[in-house]
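The values are calculated or read from the model by the stated rules, or taken from the named source; none is laboratory data. Computed from a predicted model, the values in this text were never measured in an experiment. In this analysis, Cβ positions are derived from the backbone assuming ideal geometry, glycine residues included, and neighbour counts consider all displayed protein chains.
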Amino acid sequence: MWLLFALLGAVFAALTAILAKIGLDGVNSHLAVAIRTVVVLVMAWSMVFITGKQGEIVGITQKSWVFLVLSGAATGLSWFFFYYALQKGDVSKVVPIDKLSVVITMILAFVILKETVDVKAVIGAILIAVGTIVLVL
């Protein structure tokens with residue numbers, strides 16, 4: 001079942017870039033991010049209330065709050081940079097560079113989270129990086 005949801009995530013991520021590029025026509029990228037954020041905020045809290053999980057907020061630890069807030073800040077910065085790049089560049093070039101986040105995430109997971117480094121992961125990361133370079137050149 002996770003594979004289906006992962007594929008749906010990929011489809012909607014692709015739509016995000018295409019729809020954003022169209023929507024950015026004549027709109028400041030920062031304003032566009034603010035609008036997107038309001039929509040995501042409403043959708044996220046709707047899912048919390050639909051699933052009845054709002055009461056669990058009191059059980060969140062201080063450590064989790066800190067890291068969730070930092071993650072939110074990183075997401076916001078990612079969106080601001082991504083939307084600005086989309087506004088100025090071609091989607092077919094911006095998105096592959098943005099997806100280098102996969103390689104960067106893997107490196108950070110190995111270094112910070114001490115996840116196991118194996119040959120398959122290293123080869124995959126190299127192929128993603130090389131593929132990105134080929135797409136952008």
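In region 92-108, the residues that are within 13 Å of Ala125 (Cα to Cα) form Cβ pairs under 6 Å with partners that are of a type in the set (Gly, Ala, Ser), at six or more places apart or across chains, as follows: Val103/Ala125; Val103/Ala129; Met106/Ala125. Within region 29-39, the presence of at least one residue that is among the basic types (Lys, Arg), surrounded by 14 or more Cβ atoms within 10 Å (Cβ to Cβ) and more than 23 Å from Thr132 (Cβ to Cβ) is confirmed.
So, in region 37-51, of the ones that are polar (S, T, N, Q) and in a helix (DSSP H, G or I), which residue ends up farthest from the chain's Cα centre (by Cα)? Working first, answer last.
Just the residues of region 37-51 that are polar (S, T, N, Q), to begin with: 37, 46, 51.
Checking which are in a helix (DSSP H, G or I) leaves us with 37, 46.
Working: Thr37: 13, Ser46: 20 Å.
Here the answer is Ser46.
Once region 52-83 is narrowed to residues that are within 15 Å of the chain's Cα centre (by Cα) and not hydrophobic (A, V, I, L, M, F, W, C), the residue that is nearest to Ile112 (Cα to Cα) is Ser71. Residues in region 104-120 that are of a type in the set (A, V, I, L, M, F, W, C) and within 24 Å of Ala74 (Cα to Cα): Ile104, Met106, Ile107, Leu108, Ala109, Phe110, Val111, Ile112, Leu113.
In this entry, Ser71 passes the filter for residues that are out of contact with any strand residue (DSSP E or B) (no Cβ under 8 Å at 6 or more places or on another chain), over 15 Å from Lys21 (Cα atoms) and of a type in the set (Ser, Thr, Tyr).
Residues of region 1-41 being at pLDDT below 95 and among the hydroxyl-bearing types (Ser, Thr, Tyr), which ones? Across region 1-41, the qualifying residue is only Thr16. Yes or no: region 61-77 includes at least one residue that is outside any helix (DSSP H, G or I), more than 21 Å from Ala14 (Cβ to Cβ) and free of Cβ contacts under 8 Å to residues at least 24 places away in the same chain. Looking through region 61-77, at least one residue is outside any helix (DSSP H, G or I), more than 21 Å from Ala14 (Cβ to Cβ) and free of Cβ contacts under 8 Å to residues at least 24 places away in the same chain.
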